[in-house]
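J.: Dropping a structure here in structure tokens format, bear with me for questions.
The values are calculated or read from the model by the stated rules, or taken from the named source; none is laboratory data. No experiment lies behind these values; they were computed from the predicted model shown. Here the Cβ is made from the backbone with ideal geometry for all residues, glycine too, and neighbour counts use every protein chain on show. Just the protein is used for accessible areas: all its heavy atoms, side chains included, with ligands, DNA and RNA removed. Shrake-Rupley method; radii C 1.70, N 1.55, O 1.52, S 1.80 Å.
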Amino acid sequence: MVSARFEELDWRQTPIGEISLRRRWDPTCAREVHEIKLDDEFLMSSLFTQAEVELARLALARIRGDGPWDVVVGGLGLGCTAATVLAEPKVGTLLVVEALEAVIDWHTWRLLPTGEQLVTDRRCRLVQGDFFAMAAADGFDPKRPRRQFDAILVDIDHSPDHLLHPGHGDFYRPAGLRRLAAHLRPAGVFALWSDDPPEPRFTAALSDLFTTVEAETVRFRNPFLEQESANTVYVAVDPR
């Protein structure tokens, strides 16, 4: 369906359901909006990306040293987290791990506003792969197994308790988090976006593995609900 007000840019059948990218004109905000849907559920909207931006900002603010920093982002989405990482000149390399070929194509084809930046910045490489399987094995860089990073940022599941796929569950348990921490350099940073309020059990699990753990609440105006919404960004520093 194509009109002056709405366009479905792409639609694919994927292992986790039907995923689509839509572009529409929002008269309330008077701007173009990009949205990603999984089946009948809205996954992301460019109307509110504050939490995705804060995921990057909060994590980068806790990296020690003058760089160049090596960073991994798990989950490409609309590209806001990755673009915020690249805005930091101390970042030397960025690997963005995305399971769905369609999402990578949307950026490569410049269907999303961040696509040009991510594809043309020589520091950035888009890697198609299962982030959770890579975290449990030899790491995130297919060219350099067991490579370690200064920061690993994740925005894939709704929260540690609300998953896009049941197979992701092990990652959020102590053994999975320990495997993830092994891919960080000393004093490295792990940051995770969550749609739920801070969860004490998950914070406690991180505290067993990292020296410093914070759960930051990011508040923003949600035009869909016409009220304030909040997400959580967990930031864990210095794996034990």
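J.: Identify the residue in the range 190-233 that is small (Gly, Ala, Ser) and modelled with pLDDT under 95 and, among all such residues, is farthest from Asp155 (Cα to Cα). Please lay out each step first, then the result.
T.: Within the range 190-233, the first condition is being small (Gly, Ala, Ser), and the residues that meet it are 191, 194, 204-205, 207, 215, 229-230.
Going one step further and asking which of them are modelled with pLDDT under 95, we end up with 229-230.
Values: Ser229: 17, Ala230: 15 Å.
Per the stated criteria, the residue is Ser229.
J.: Can we say Trp11 is touching an Asp or Glu at 6+ places or on another chain (Cβ under 8 Å) and either surrounded by 16 or more Cβ atoms within 10 Å (Cβ to Cβ) or in contact (Cβ under 8 Å) with a residue 60 or more places away in the chain (or both)?
T.: Details: touching an Asp or Glu at 6+ places or on another chain (Cβ under 8 Å): yes; either surrounded by 16 or more Cβ atoms within 10 Å (Cβ to Cβ) or in contact (Cβ under 8 Å) with a residue 60 or more places away in the chain (or both): no.
When the stated conditions are applied, Trp11 does not pass them.
J.: Mind listing just one residue for me: the one in the range 57-79 that is farther than 21 Å from Leu163 by Cα and outside any loop (DSSP other than H, G, I, E, B) and, of those, most open to solvent (accessible area, probe 1.4 Å)? Walk me through it before giving the result.
T.: Going residue by residue through the range 57-79, those that are farther than 21 Å from Leu163 by Cα are 57-71.
The next check asks that each one be outside any loop (DSSP other than H, G, I, E, B); those that pass are 57-60, 69-71.
Details: Arg57: 141, Leu58: 29, Ala59: 0, Leu60: 17, Trp69: 14, Asp70: 21, Val71: 0 Å².
My answer is Arg57.
J.: If you scan the range 146-160, which residues turn out to be modelled with pLDDT under 95 and more than 16 Å from the chain's Cα centre (by Cα)?
T.: Within the range 146-160, no residue meets the criteria.
J.: Output the residues belonging to the range 29-84 that are modelled with pLDDT under 95, small (Gly, Ala, Ser) and farther than 20 Å from Asp195 by Cα.
T.: Ala30, Gly65, Gly67
Each row is one residue, and each column tells you yes or no for (1) touching a residue at least 40 places away in the same chain (Cβ under 8 Å); (2) under 17 Å from Phe149 (Cα atoms).
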site: Arg5; (1), (2): no, no
site: Ile19; (1), (2): yes, no
site: Trp25; (1), (2): no, no
site: Ala51; (1), (2): yes, no
site: Trp69; (1), (2): yes, yes
site: Gly79; (1), (2): no, no
site: Pro89; (1), (2): no, yes
site: Leu94; (1), (2): no, yes
site: Leu111; (1), (2): yes, no
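J.: Can I ask one more? Kindly indicate which of Leu184, Leu163, Leu153 is without any contact (Cβ under 8 Å) to a residue 60 or more places away in the chain, hydrophobic (A, V, I, L, M, F, W, C) and crowded, with 21+ Cβ neighbours inside 10 Å. Step through it out loud before you land on a result.
T.: On the way: Leu163 fails: crowded, with 21+ Cβ neighbours inside 10 Å; Leu153 fails: without any contact (Cβ under 8 Å) to a residue 60 or more places away in the chain.
Among Leu184, Leu163, Leu153, only Leu184 is without any contact (Cβ under 8 Å) to a residue 60 or more places away in the chain, hydrophobic (A, V, I, L, M, F, W, C) and crowded, with 21+ Cβ neighbours inside 10 Å.
J.: Just a yes or no: is a residue in the range 21-42 surrounded by fewer than 17 Cβ atoms within 10 Å (Cβ to Cβ), in contact with a Pro (Cβ under 8 Å, 6 or more places away or on another chain) and outside any strand (DSSP E or B)?
T.: For the range 21-42, residues surrounded by fewer than 17 Cβ atoms within 10 Å (Cβ to Cβ), in contact with a Pro (Cβ under 8 Å, 6 or more places away or on another chain) and outside any strand (DSSP E or B): present.
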